[in-house]
Amino acid sequence: MTGDTTNTDDSFAKLTTEFRNTWPRSWPYIPGRTGKCPHCGQGIAFQEPRSRTFTWMGPLRAEISPRGGRQTDAQDLLGIVSALCPLCHSLIVSMQSDLYSQPWLLWPKAIQRATPLEDVPRDTARDYEEAAAVLAVSARASAALSRRCLQSVLRSAGNVKPGRLHDEVGEAIKSLPSYVADDLHALRELGNFGSHPTKSLTTGEIVDVEPGEAEWTLDILDRLFDHYYTGPRASEERRRVVSQKLKEAGRSPLPGSDEQAE
């Protein structure tokens, strides 16, 4: 006699959905949620893995109830969820040690970012790379490195007066394009730099952060790198190529180009 597994499958699907809903909404690596793939860095809607869904919840510790049976506290639950990137077809596996803790990535070990760093000063690029590398393990550590990196960029490339990060951001946004300035201002408000002296004065110190603050800081650094370093370098290279073509055609090079100086 073959048992009917319909009710069992329905119960498992319901339990899976309820379990996933206990994960913080800021944690994107759940099938059905949207975010950046930690493998390819593209914005996607995460999907169910092709094979059997890898969702597991079990007790780290169980106690015998006086009325019989096992009794498990929510703080003793261990959960693992997997999702699939529809673009690079890579697997993302997350883990949560209890229903109230911040999840972390089991796979991949580090979140990949596609930001070109060739034109970024080496010390600044190193802070950025380390902030990205630890993001999946510790958002607090990542945010600390990113804040230090942000302050370095604003001082060296933005030429702001050294002081509190809150004030440096305020000075920098006056000369930045609106699409960068608006996001930088929003980050300052989200991170509450003004009323948080540690974030504003000792930027590299590890302190608690708001959900999404660490990754957003990296995203804004991407825009600042493009504005201060990568963009001007690419623009300079385009002008050089155009000036060379004009020179070969017997015409005057673009003003300010190396070919004109010759």
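The values are calculated or read from the model by the stated rules, or taken from the named source; none is laboratory data. What you see is a predicted model; the values in this text were computed from it and never measured. Glycine also receives a Cβ, built like all others from the backbone with ideal geometry; neighbour counts cover every protein chain displayed.
So the values come out like this:
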| quantity | calculated |
| --- | --- |
| Any chance residue 131 is aliphatic (A, V, I, L, M) and modelled with pLDDT under 90 | no |
| Strands (runs of 3 or more DSSP E) wholly inside region 1-99 that include at least 3 residues being modelled with pLDDT of 65 or more | 34-36, 43-45, 77-84, 91-96 |
| Residue tally, condition small (Gly, Ala, Ser) and surrounded by fewer than 11 Cβ atoms within 10 Å (Cβ to Cβ), over region 227-252 | 3 |
| Residue match in region 153-164 (condition: aliphatic (A, V, I, L, M) and more than 23 Å from residue 231 (Cα to Cα)) | no |
| Matching residues, region 101-139, being of a type in the set (D, E, K, R) and farther than 14 Å from residue 216 by Cβ | 109, 118, 119, 122, 123, 126, 127, 129, 130 |
| Residue among 131, 136, 141, 125 that alone is small (Gly, Ala, Ser) and outside any helix (DSSP H, G or I) | 136 |
